[in-house]
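Below: the structure, in structure tokens.
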Amino acid sequence: MGLKTAACWIGKRWRIVTCEWDSGEEWTADVDVKGIAYGSKKIPLTMRSVGKDAHYTQVVISELNRNIQKRTEETIRGI
């Protein structure tokens, strides 16, 4: 729950794109925090084919609720 809770706290919308090594499938979940909170929306999942050597997870947070300071942004990005 930690990552999902943090994403909801930081932004109004977030997306996770993930691919398990050797699966050949990339899955994306798009989350509308307000839509989920008020029960009117579901989390759509989409799949697309990718190379079997792909493996990654990306979290993209948008429509921010908070002002992120430069030093915090650098920490989050791993700079």
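The values are calculated or read from the model by the stated rules, or taken from the named source; none is laboratory data. Remember, it's a predicted structure, so these values are computed and weren't measured experimentally. FYI the Cβ positions are ideal-geometry reconstructions off the backbone, even for glycines, and counts take in every protein chain you see.
Just the residues that are part of a strand (DSSP E or B) and touching a residue at least 24 places away in the same chain (Cβ under 8 Å), please, taken from the range 39-78.
Of the residues in the range 39-78, the ones part of a strand (DSSP E or B) are 45-49, 56-64.
Ser49, Tyr56, Thr57, Gln58, Val59, Val60, Ile61, Ser62, Glu63, Leu64 - these are the residues of the range 39-78 that are part of a strand (DSSP E or B) and touching a residue at least 24 places away in the same chain (Cβ under 8 Å).
All conditions but one from (1) assigned to a loop (DSSP other than H, G, I, E, B); (2) among the aliphatic types (A, V, I, L, M); (3) modelled with pLDDT under 90 apply to Ala7; the one that does not is (1). The set of residues in the range 1-22 being surrounded by 15 or more Cβ atoms within 10 Å (Cβ to Cβ) and either of a type in the set (Gly, Ala, Ser) or in contact with a Lys or Arg (Cβ under 7 Å, 6 or more places away or on another chain) (or both) consists of Ala7, Ile10, Gly11, Lys12. Taking the range 42-79 as the range and being of a type in the set (A, V, I, L, M, F, W, C), in contact with a strand residue (DSSP E or B) (Cβ under 8 Å, 6 or more places away or on another chain) and more than 15 Å from Arg13 (Cβ to Cβ) as the test, the residues that pass are Leu45, Met47, Val50, Ala54.
What are the residues in the range 61-73 that are surrounded by fewer than 11 Cβ atoms within 10 Å (Cβ to Cβ) and charged (D, E, K, R), if any? Correct list: Arg66, Lys70, Arg71, Glu73.
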